Amino acid sequence: MRLKDISAKLTVAFAAAFVLFCAMANAETSPPGDASPEPASKTEVVATYARITGDGDRTRFIIDLSRSVTFTASALANPDRVILDMPEVRFDLPPKSGEAGRSLVKEWRYGLIAPGKSRIVLDMSGPARIDKSFVLPPVDGQPARLVIDFVKTTRDKFLADYPRPDAVPVDEAATKSDQKPVGATVSTKPIIVLDPGHGGIDTGAIGVDSVYEKAVVLQFAKLLKAKLEKEGAYKVLMTRDDDRFIPLGKRVEIARKLGANLLISIHADSAPQHYVRGATVYTLSERASDAIAAALAKHENSSDVLAGADLEDGPDGVADILIDLARRETKSFSILFARTLVSEFESAVKLIKNPWRSAGFRVLKAYDMPSILVELGYLSNKHDENLLVSDAWRERAADAMVASIARFFRPRLAQGQ
Ligand SMILES: [Zn+2]
């Protein structure tokens, strides 16, 4: 009996061990992604904290990382910027990191610049060279640290000390978008390109309650795309459908390559006057319609500067296209659509006073493609910020845009084109 007992116990133990073994084997052979989210974090690099110490003669920039990374430094003048490029990093930094600099570093930004590539752009308060830079590996539970010491230098030496930033990441981002026009040229449906503003390292405006413009406009663009596709009458494409940076000139180039019949750039910026609120529709003009429009265009046009993109290395020359090249016909179509959109918005959402405005937005400078820029609202205004994240408001605004697009293309669709 005793032997039988032992044998039974052994059988149970063996069976249990076998089940455990099978489970382990299974875990090892199951495809990645089926497993728990743990493995992904083993390979990703996370930035958790950053600080700046020192004085105007020597300023130290330190960023804590979950693992060591390699990085390259480059620089651009006007304004003076130092650009740090590195493999993809997830920036899990406290809110408002980068807003307040110190000594030689005025402020700084961070984010994805292209798939697999992250960038930190430091706005310098004056010309500075890197005296020392190193990465300390993680030890005893301490994070890895990327440390850069800046010292003052002369203006002449500033650019001589650094290479120019690599243009490759920017080109890669655009190339991926360029691959989307498959079938676009054979489509007989009107082609609409939605351009969610900002992205990646360029956050756009940050709301009173920390809503990011780049996120809120992407979400809206996706909703609008889905609604337009449901109509079945258009081909709808986007300049970006994830959190990546795309230079302004590239956005125009992408839309033109796709053969867009209408480009809608979507934003939700901030204004220095916190009472400013309501949706605004912008068309291109050489002279801004008013002070708010002028300030907004200036801010929007600085996207590439903020991201540390080297304009002179740009592939297109779009940056140099003069406003007066815009053909009259394109301009009148842009204005027609802007007016149509305003009239649809009137019954759906709150509009700013004089909701059709104009200014010299670079993203509207295609001379052969009707283009408008819509500011859904102002993140500097708390009421607008609340609306922009509300599903009900987004539905109403997107439906109004769908209606305006239908009205705009109706004559063409009626001809069976
Ligand atoms: Zn914007």
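The values are calculated or read from the model by the stated rules, or taken from the named source; none is laboratory data. The model shown is predicted, which means the values in this text are computed figures rather than measured ones. Neighbour counts are summed over all protein chains in view; Cβ atoms, including those assigned to glycine, are modelled from backbone coordinates with ideal geometry.
Which of the residues spanning segment 342-376 are assigned to a loop (DSSP other than H, G, I, E, B), out of contact with any strand residue (DSSP E or B) (no Cβ under 6 Å at 6 or more places or on another chain) and not hydroxyl-bearing (S, T, Y)? I'd like the intermediate steps shown before the answer.
Residues of segment 342-376 that are assigned to a loop (DSSP other than H, G, I, E, B), as a first pass: 347-350, 360-361, 365-370, 376.
This time we only want the ones that are out of contact with any strand residue (DSSP E or B) (no Cβ under 6 Å at 6 or more places or on another chain), so: 347-348, 350, 360, 365-368.
Matches in segment 342-376: A348, K350, G360, K365, A366, D368.
Among the listed residues R58, R51, which satisfies the condition of being at pLDDT 50 or above, within 32 Å of the chain's Cα centre (by Cα) and surrounded by 10 or more Cβ atoms within 10 Å (Cβ to Cβ)?
Values: R58 fails: within 32 Å of the chain's Cα centre (by Cα).
Step by step, each of R58, R51 is checked, and only R51 is at pLDDT 50 or above, within 32 Å of the chain's Cα centre (by Cα) and surrounded by 10 or more Cβ atoms within 10 Å (Cβ to Cβ).
Residues are listed down the side, and each one gets a yes or a no for (1) within 22 Å of V349 (Cα to Cα); (2) under 20 Å from the mean Cα position of the chain (by Cα):
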residue	(1), (2)
K222	yes, yes
P247	no, yes
K257	no, no
D269	yes, yes
Q273	yes, no
A291	no, no
L296	yes, yes
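Taking only segment 97-124 into account, find how many residues are assigned to a loop (DSSP other than H, G, I, E, B) and touching a residue at least 60 places away in the same chain (Cβ under 8 Å).
Total satisfying the criteria: 1.
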Return the residue satisfying two criteria in turn: it lies in segment 128-179 and is in contact with an Asp or Glu (Cβ under 6 Å, 6 or more places away or on another chain) and assigned to a loop (DSSP other than H, G, I, E, B), and of such residues it is modelled with the highest pLDDT.
-> P143
Any pair with Cβ under 8 angstrom, 6 or more apart, that starts in segment 290-308 at a residue that is under 14 Å from P79 (Cβ atoms) and ends at one that is at pLDDT below 85 and assigned to a loop (DSSP other than H, G, I, E, B) = V305/P79; G308/P165
Mind checking which residues of segment 70-115 are surrounded by fewer than 18 Cβ atoms within 10 Å (Cβ to Cβ) and on the phi > 0 side of the Ramachandran plot?
-> N78, K96
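Looking at this structure, is K235 surrounded by fewer than 24 Cβ atoms within 10 Å (Cβ to Cβ) and either more than 13 Å from the ligand (Cβ to nearest atom) or among the hydroxyl-bearing types (S, T, Y) (or both)? It would help to see each step written out before you state the result.
Details: surrounded by fewer than 24 Cβ atoms within 10 Å (Cβ to Cβ): yes; either more than 13 Å from the ligand (Cβ to nearest atom) or among the hydroxyl-bearing types (S, T, Y) (or both): yes.
In short, yes.
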Residue selected from segment 255-267 under the condition outside any strand (DSSP E or B) and surrounded by fewer than 24 Cβ atoms within 10 Å (Cβ to Cβ), by the criterion farthest from the ligand (Cβ to nearest atom) | G259
Residues of segment 222-232 that turn out to be among the acidic types (D, E) and surrounded by 17 or more Cβ atoms within 10 Å (Cβ to Cβ), as a count | 0
Kindly indicate the residue of segment 287-307 that is of a type in the set (D, E, K, R) and either within 10 Å of the ligand (Cβ to nearest atom) or crowded, with 19+ Cβ neighbours inside 10 Å (or both) and also nearest to S265 (Cα to Cα) among those meeting that condition.
-> E300
Of these, P94, P87, P79, which one is at pLDDT below 90 and farther than 17 Å from M124 by Cβ?
-> P94
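Going residue by residue through segment 116-124, is there one that turns out to be at pLDDT 90 or above, crowded, with 18+ Cβ neighbours inside 10 Å and among the acidic types (D, E)? Can you show your working first?
First, the residues of segment 116-124 that are at pLDDT 90 or above: 118-124.
Keeping just the survivors that are crowded, with 18+ Cβ neighbours inside 10 Å gives 118-124.
Okay, now just the ones that are also among the acidic types (D, E), so 123.
Yes, because at least one residue in segment 116-124 is at pLDDT 90 or above, crowded, with 18+ Cβ neighbours inside 10 Å and among the acidic types (D, E).
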Only one of (1) crowded, with 21+ Cβ neighbours inside 10 Å; (2) β-branched (V, I, T); (3) under 19 Å from the mean Cα position of the chain (by Cα) fails for V211. Which number is that?
-> (1)
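Within segment 206-245, how many residues are among the hydroxyl-bearing types (S, T, Y) and either touching a Leu at 6+ places or on another chain (Cβ under 7 Å) or outside the structural domain of V374 (by TED's automatic domain parsing) (or both)?
So in segment 206-245, the residues among the hydroxyl-bearing types (S, T, Y) come out as 210, 212, 234, 239.
Then drop every residue that is not either touching a Leu at 6+ places or on another chain (Cβ under 7 Å) or outside the structural domain of V374 (by TED's automatic domain parsing) (or both), which leaves 234.
Residues in segment 206-245 being among the hydroxyl-bearing types (S, T, Y) and either touching a Leu at 6+ places or on another chain (Cβ under 7 Å) or outside the structural domain of V374 (by TED's automatic domain parsing) (or both): 1 in total.
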Long-range neighbours under 6 Å by Cβ, at least six apart or interchain, first residue more than 9 Å from the ligand (Cβ to nearest atom) within segment 192-205, second part of a strand (DSSP E or B) and among the aromatic types (F, W, Y) = T203/Y212
